[in-house]
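The numbers here are math on the coordinates, done by the rules we state, and not lab data. Predicted, not measured: the structure shown is a model, and the values here were computed from it. Counting neighbours? That spans all protein chains shown, and the Cβs are built from the backbone with ideal geometry, glycine included.
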Amino acid sequence: MSTDFKSVIALALFLNIVIFFISTETSADSLVKDPARASADSSAPLLRVNENYLKSVRPIFESKCFDCHSSHTVHPWYYSLPLVKQLIDRDVKEARADLDMSKDFPFLGKGTPTDYLDVVRDAVNDKSMPPWRYRILHRSSELTEQDRKTILMWVDLSEKELGAEEK
Ligand code: HEC
């Protein structure tokens, strides 16, 4: 064999090994995206639910809920007042313990994905969120009719998506 031919084979082998490692790495990556789920197949509905969340619901939550339910709190100027600071800090702590939106869907907290869908539906239906004490100071934070429709549609669709998965 000529040395040229040998080096072509060596190069081909080398590339094969590189490609092997790249491909095993990406398939491992797609699994760790959702460590709560053992197989990539059963996580597909959750990923779709999150995709829809990112598209339609997250923009609403980002502007109207993140101040309390995420690590992206934007503090108002009056936050520096001693008593106010404590009240806001407590609010954010309680809100995040229940439902933390920092990492998209499923939210972080005590519940399962379907628990979160249930409590979000309740909060939208009874108009309890954002709390009035927040709304009076952030007037544009109230959910509009359109917001509520969008969120409820997402909840319904997501329940179907996740319910279908369990059967
Ligand atoms: C001023 C801070 C604040 C804002 C803004 C806020 N929340 Fe809350 N949220 C809380 C607190 C505090 C709790 C926990 C105690 C309670 O129910 O009042 C809570 C609880 C909840 C719960 C109930 C969780 C459970 O386990 O029962 C849901 C659902 C919820 N919020 C959704 C929202 C949504 C959706 C928005 C935006 C439209 C929002 N919240 C905006 C403070 C806030």
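May I ask you to list pairs of residues, at least six apart or on different chains, whose Cβ atoms are under 8 Å apart, with the first in region 44-67 being closer than 18 Å to Asp156 by Cα and the second being among the small types (Gly, Ala, Ser)?
Every condition considered, the pairs that remain are Pro45/Ala164; Val49/Ser158; Asn52/Ser158; Tyr53/Ser158.
Does Asp118 count as of a type in the set (Asp, Glu) and either in a helix (DSSP H, G or I) or buried (at least 17 other Cβ atoms within 10 Å of the Cβ) (or both)?
So Asp118 passes the test.
Please identify the pairs in which a residue from region 131-148 that is free of Cβ contacts under 8 Å to residues at least 24 places away in the same chain has its Cβ atom under 7 Å from the Cβ atom of a residue that is part of a loop (DSSP other than H, G, I, E, B) and surrounded by 14 or more Cβ atoms within 10 Å (Cβ to Cβ), counting only partners at least 6 apart or on another chain.
Taking only residues 6 or more apart or on different chains, the pairs are Arg135/Glu142.
Give the residues of region 99-115 that are among the charged types (D, E, K, R), loosely packed, with under 14 Cβ neighbours inside 10 Å and more than 10 Å from the ligand (Cβ to nearest atom), sorted by residue number.
Answer for region 99-115, where residues must be among the charged types (D, E, K, R), loosely packed, with under 14 Cβ neighbours inside 10 Å and more than 10 Å from the ligand (Cβ to nearest atom): just Lys103.
Just for region 47-61: of the residues that are surrounded by fewer than 18 Cβ atoms within 10 Å (Cβ to Cβ) and within 14 Å of Lys103 (Cα to Cα), which one is nearest to the ligand (Cβ to nearest atom)?
Filtering region 47-61 for residues that are surrounded by fewer than 18 Cβ atoms within 10 Å (Cβ to Cβ) and within 14 Å of Lys103 (Cα to Cα), the one nearest to the ligand (Cβ to nearest atom) comes out as Pro59.
Please specify each residue of region 133-150 satisfying the condition of being near the ligand (Cβ under 8 Å from one of its atoms), under 22 Å from the mean Cα position of the chain (by Cα) and of a type outside the set (Asp, Glu).
Ser141, Leu143
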